[in-house]
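The values are calculated or read from the model by the stated rules, or taken from the named source; none is laboratory data. On a predicted model such as this, the values are computed, not experimentally measured, just so you know. Note that we place each Cβ from the backbone using ideal geometry, even for glycine, and neighbour counts take in every protein chain shown. Keep in mind that these areas ignore ligands, DNA and RNA; they rest on the heavy atoms of the full protein, side chains included. Shrake-Rupley method; radii C 1.70, N 1.55, O 1.52, S 1.80 Å.
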Amino acid sequence: MTLTRKADTPKGANGAADVIYCGGYISIPYVNSLYNDVRTEIEVQCTAVVDSIDLYLNLYKDGSTTTTSKRFNPANYGFHFSNAPCQGTTNTYFAGGTAVFTKAGYAGSPLEMSGTTPQVTLAC
């Protein structure tokens with residue numbers, strides 16, 4: 001997805017990019033044996049620094065959710081995870097997340113991207 005510099009926004013001394021491309025992914029929940037938990041991750045990156053990146057991540061286990069958020073300000077990269085402790089049972093998990101990229105003077109700002117993962121059954 002892209003943010004495009006508005007015509008009336010000056011490039012500035014170090015030159016602002018005309019177009020900033022941003023993208024990312026949410027990992028399918030997996031068992032992290034090192035910490036004995038189920039974990040999912042969200043990772044995003046832009047081709048230039050934006051004013052802020054806000055990450056919101058939900059890990060769903062059999063209908064209940066753990067929600068976490070993190071802000072990077074300013075940044076062109078962000079990484080965050082959400083986890084739930086292993087309980088010695090088999091459960092169904094999926095994850096959903098949103099990334100919000102903000103850059104003053106750019107059309108499309110704030111840019112919001114959201115997604116979910118498929119459901120997986122995990123035992124740990």
- Mind telling me which of the residues Y106, Y93 ends up being aromatic (F, W, Y) and at pLDDT below 95? Y106
- Task: List every residue pair whose Cβ atoms lie under 9 Å apart, where the two residues are 6 or more positions apart in sequence or sit on different chains, the first residue falls within the range 89-116 and is free of Cβ contacts under 8 Å to residues at least 12 places away in the same chain, and the second residue, located anywhere, is open to solvent by 20 Å² or more (accessible area, probe 1.4 Å) and β-branched (V, I, T).
- Result: P110/V100; P110/T102
- Would you confirm whether any residue within the range 2-24 is open to solvent by 40 Å² or more (accessible area, probe 1.4 Å), touching a Pro at 6+ places or on another chain (Cβ under 9 Å) and among the β-branched types (V, I, T)? no
- Could you tell me which residue of the range 48-74 is nearest to P118 (Cα to Cα), considering only residues that are in contact (Cβ under 8 Å) with a residue 40 or more places away in the chain and part of a strand (DSSP E or B)? L57
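Out of Q87, Q45, report the one residue that is in contact with a Cys (Cβ under 9 Å, 6 or more places away or on another chain) and either assigned to a loop (DSSP other than H, G, I, E, B) or open to solvent by less than 20 Å² (accessible area, probe 1.4 Å) (or both).
Exactly one of Q87, Q45 is in contact with a Cys (Cβ under 9 Å, 6 or more places away or on another chain) and either assigned to a loop (DSSP other than H, G, I, E, B) or open to solvent by less than 20 Å² (accessible area, probe 1.4 Å) (or both), namely Q87.
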- Candidate set from the range 90-121 (those that are assigned to a loop (DSSP other than H, G, I, E, B) and open to solvent by 50 Å² or more (accessible area, probe 1.4 Å)); member that is farthest from D51 (Cα to Cα): Q119
- Item | Odd one out for S27 among (1) open to solvent by less than 50 Å² (accessible area, probe 1.4 Å); (2) of a type in the set (S, T, Y); (3) modelled with pLDDT under 95 | (3)
